[in-house]
Amino acid sequence: LPYRAYVKPGIISGEAHFHRDEEYLAIVGHDLRDAFESFDAEVVLYMGESPDAMEKIVIDRPAMVRVPKYYWHGPIEITRLGKPLFFQPVLKAPRYYAIYRRFGQDGRPYYSAVVEGTTPNELDPDKVCVNGVPCAGQEVK
């Protein structure tokens, strides 16, 4: 995902999710010549081993947050913003993806992956699927 600048409070990531790879979340001030002194914000992040047992973390200074593999995180919200803020997720994977817990009509949970960019077509290795949408005849796993 690209480096993102925020100029008003709001949601950065609205739903709890995890990755099969380690991720780092860089939360710094807008002036990259001095990302520490230019930081003037409060960011709330939820993390935990289960989406049902998340800990609230309040970030009020520049931070690099390590998110271990398979560790649930989100939502992430800017609750106070005095100066613009830069946010950069760094996922140790070839492309960004997130796995979410969903519930079927019967109330049972299942997991759904959202993938940014292209996805190899398992049925035809010479083709790719765009923006995580399955190619014709390809089942989503």
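Remarks
- Between Ala5 and Lys69, full extension at 0.36 nm per residue minus the direct alpha carbon distance yields a gain of 20.5 nm.
- Cα-based shape type of the range 28-98, given that a ≥ b ≥ c are square roots of the gyration tensor eigenvalues and the cut on a/c is 1.5: oblate
Quick note: the coordinates plus some simple rules give every number you see, no bench work behind them. Note that the coordinates shown come from a computational prediction; the quantities given were computed from them, not determined experimentally.
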